[in-house]
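**Q** Below: one structure in structure tokens.
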Amino acid sequence: MSNKLPACQKCKLRKVKCGRQAPKCTSCTKGNVACIIVDPATGEQYARDYIRQLEVQEADLKATLHGIAAGRPETSHCTIEAPQATPAGLPTGASHTSHGGFVGDGSGLGFLRSILSEAKWQRHRTHILNQLATRPGIQQLHLSPNPLPPVQEAEQLLENYFTRFHIHHTFLLRQEVLGIFNRVYNASATSSDQDCFKLFMVFAISATTRYRAGITNEHPYGYFMAAEDYLGRIPLIRDIDAIQNLLLVARFGMYHHIGASLWEISQLCMRQCIEWKLHLKPAHPLDPLVEQHRRRVFWECYVLDRYSSGILGRPFAISEPDIEVELPFDADDDYLVNSSIASLDMMPKRGLGPSEVSVFIICIQLRRISSRIHSTFYSSRSAVASNATSFGRLTEFKSIGHIYTAFTRLRSELNEWRATAPIFLYPRSLYERPEWHDFLHEKDMLLLARGAMHNVPSKPYAGAAVKEILTACYVSASRIIELYSTLMEKRAITWTRSYFQVIFTAGLTVTFCISLELLKSSIEADFEQRHPARTLALCSAILSYFKDKMPDAASAAVVFDVLKDECLKDNLIQCATLEHALSRTIPASWPETLNRLVAR
């Protein structure tokens, strides 16, 4: 099979005859570089030695199967050692070799794969992939369920939930939560298992930031364990209450390991939404608050589905054309209750200023834009996925003109979204801060620009349109790192695996853009404002902070440092200038300051 492989990339570029030997052709052996071949059908790049290793593994497996079929005991061929020279490539959302693990468009590993496919990074490939393969165990917490907190502590937890978490994920009704609180804490009232579960889950979610800030000694997982005691006595598959129960578990799972897949929870939620026809307009008039609640529950399930499916590269649970229900009405619950209008569709617009669901609504709107980005640029969301490469290149794009047109259209949508985001004169939490809205905008701008770059028909990258997309990649990635750093310094943001993935992807993007070199002339001003050395150092410090808080993220942080050091050594040689720039922009005590930060 090896002698049928095409000529390597190096020989093709030099227009010399390729020996096509494994593990390297003569030319690549003399040059001491990796022998890379390109699959003519898909455009995928492989090391020739990797193909040889697959052939050896195939032969071993065939021998094993033959031995089993002949009735002989299994031989040592059953154990196939991991290849040492060139490990296999990284699976992506569109890869058919993901075998049980799914890596989606939002993970950033697509860019890492692009980086490692370049010949100059081959010497680091083994170390990087082995590092990523390391899976440190999740720290086990030895806790017991928390009892109900004293009334004063419970009221503070409730207030923290409403001012922070509730405005971002407004699927519970405020009056319902307050009613549960009164029933549970009123000795003369009768509370149900459902009441106790919901209240403990609200406490668990709210206690996350309070515990991390050192305000309370009660670990949030203790409240979650208390809620778990009721799981066998409450519905998880039945009605809107059941969907809300699952959503509460998923929200807590964004901050802590819960032993369940958020994606599977999201699928279960959306299936129930469809069964209850929450994705459709009501067949008959409903009370305004009831209809508002149905909308809020559906759109929270939508947000969870788009997030978890995007990270894992799995299909969305519901397609956009199947959704008919309107977004939630932008008003507080009291406004709807006190209104004399019988229908939500006829409800007059509220006065100026944001409501308690305004942030939730703009988050839904942004998820809908990102859904269109996925469908346009990423093969795992497209109907033509089977004809796409694992880099997400779609066959429907005939030229850079098609890509650029789609890119500019979606960029305009993102810019319009940011321009219409609500303004809070006195932000009470992260989600009301303009810096957080900027962070979300840049995060999806990066998703868009990366998707466009993955679909550029050929290399080397050239032309004004391609440079504009690359510029957007670099600027958005740099802004993401800067904005997160700013929010950390203000103690406004907490750490989650979602944020880690965003920062890791942004750091990889900056590395990728710097390695192309052609950006230096096209975005000189941005290099002055956002010096790449400073940006990479800032990203490294943030990832190091994440590593301390989430030890299982350490391998990715180590990989980034390897790439960062190599990138700076190869592309930014003027060390004196860099050191001067860093000394002016990053305080010497910055890493220590990060470690002292307590996110809220």
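The values are calculated or read from the model by the stated rules, or taken from the named source; none is laboratory data. These figures come from a predicted structure and were not determined experimentally. Positions of Cβ are backbone-derived with ideal geometry, glycine not excepted, and every protein chain shown enters the neighbour counts.
**Q** Please count how many residues of region 541-566 are under 19 Å from T126 (Cα atoms), more than 18 Å from the chain's Cα centre (by Cα) and either surrounded by fewer than 20 Cβ atoms within 10 Å (Cβ to Cβ) or outside the structural domain of I514 (by TED's automatic domain parsing) (or both).
**A** 5
**Q** I've got another one for you. Might you let me know whether region 443-462 holds any residue that is closer than 26 Å to F162 by Cα, among the aromatic types (F, W, Y) and in contact (Cβ under 8 Å) with a residue 40 or more places away in the chain?
**A** No, every residue in region 443-462 fails to be closer than 26 Å to F162 by Cα, among the aromatic types (F, W, Y) and in contact (Cβ under 8 Å) with a residue 40 or more places away in the chain.
**Q** Looking at (1) loosely packed, with under 15 Cβ neighbours inside 10 Å; (2) at pLDDT 95 or above; (3) in contact with a helix residue (DSSP H, G or I) (Cβ under 6 Å, 6 or more places away or on another chain), find the lone condition where A227 falls short.
**A** With (1) loosely packed, with under 15 Cβ neighbours inside 10 Å; (2) at pLDDT 95 or above; (3) in contact with a helix residue (DSSP H, G or I) (Cβ under 6 Å, 6 or more places away or on another chain) applied to A227, the lone miss is (1).
**Q** Condition (residue is part of a helix (DSSP H, G or I), over 25 Å from K547 (Cα atoms) and among the charged types (D, E, K, R)) applied to region 194-214: is it met by at least one residue?
**A** Taking every residue of region 194-214 in turn, at least one turns out to be part of a helix (DSSP H, G or I), over 25 Å from K547 (Cα atoms) and among the charged types (D, E, K, R).
**Q** Still on this model: Can you tell me which residue is modelled with the highest pLDDT among those in region 373-386 that are buried (at least 23 other Cβ atoms within 10 Å of the Cβ) and not polar (S, T, N, Q)?
**A** Per the stated criteria, the residue is I373.
**Q** Now for a separate question. I need every pair where a residue in region 332-356 that is over 19 Å from P422 (Cβ atoms) has its Cβ under 7 Å from the Cβ of a residue that is of a type in the set (D, E, K, R) and surrounded by 11 or more Cβ atoms within 10 Å (Cβ to Cβ), sequence separation at least 6 or different chains.
**A** Taking only residues 6 or more apart or on different chains, the pairs are L344/E291.
**Q** Could I ask something else about it? What are the residues in region 22-36 that are small (G, A, S) and within 16 Å of I51 (Cα to Cα), if any?
**A** Of everything in region 22-36, those that are small (G, A, S) and within 16 Å of I51 (Cα to Cα) turn out to be A22, A34.
**Q** Taking the criterion of being closer than 28 Å to S339 by Cα and under 26 Å from the mean Cα position of the chain (by Cα), would at least one residue in region 235-253 satisfy it?
**A** Taking every residue of region 235-253 in turn, at least one turns out to be closer than 28 Å to S339 by Cα and under 26 Å from the mean Cα position of the chain (by Cα).
**Q** In region 405-431, what residues are of a type in the set (A, V, I, L, M, F, W, C), crowded, with 18+ Cβ neighbours inside 10 Å and not in a helix (DSSP H, G or I)?
**A** Of everything in region 405-431, those that are of a type in the set (A, V, I, L, M, F, W, C), crowded, with 18+ Cβ neighbours inside 10 Å and not in a helix (DSSP H, G or I) turn out to be A421, F424.
**Q** Restricting the search to region 523-547, which residues are modelled with pLDDT under 90 and out of contact with any Asp or Glu (no Cβ under 8 Å at 6 or more places or on another chain)?
**A** I523, E524, A525, D526, F527, E528, Q529, H531, P532, A533, R534, K547
**Q** Helices (runs of 4 or more DSSP H) wholly in region 259-372 with at least 2 residues that are hydrophobic (A, V, I, L, M, F, W, C) and modelled with pLDDT of 95 or more - which ones?
**A** Ranges flagged: 262-275, 288-312.
**Q** For region 432-449, name all the residues that are in a helix (DSSP H, G or I) and over 18 Å from the mean Cα position of the chain (by Cα).
**A** E432, P434, E435
**Q** Could you tell me whether any residue of region 453-473 is in a helix (DSSP H, G or I), acidic (D, E) and closer than 19 Å to T535 by Cα?
**A** So far as region 453-473 goes, no, none of its residues is in a helix (DSSP H, G or I), acidic (D, E) and closer than 19 Å to T535 by Cα.
**Q** When residues of region 239-253 are filtered for being touching a Phe, Trp or Tyr at 6+ places or on another chain (Cβ under 9 Å) and of a type in the set (A, V, I, L, M, F, W, C), how many remain?
**A** Of the residues in region 239-253, 6 are touching a Phe, Trp or Tyr at 6+ places or on another chain (Cβ under 9 Å) and of a type in the set (A, V, I, L, M, F, W, C).
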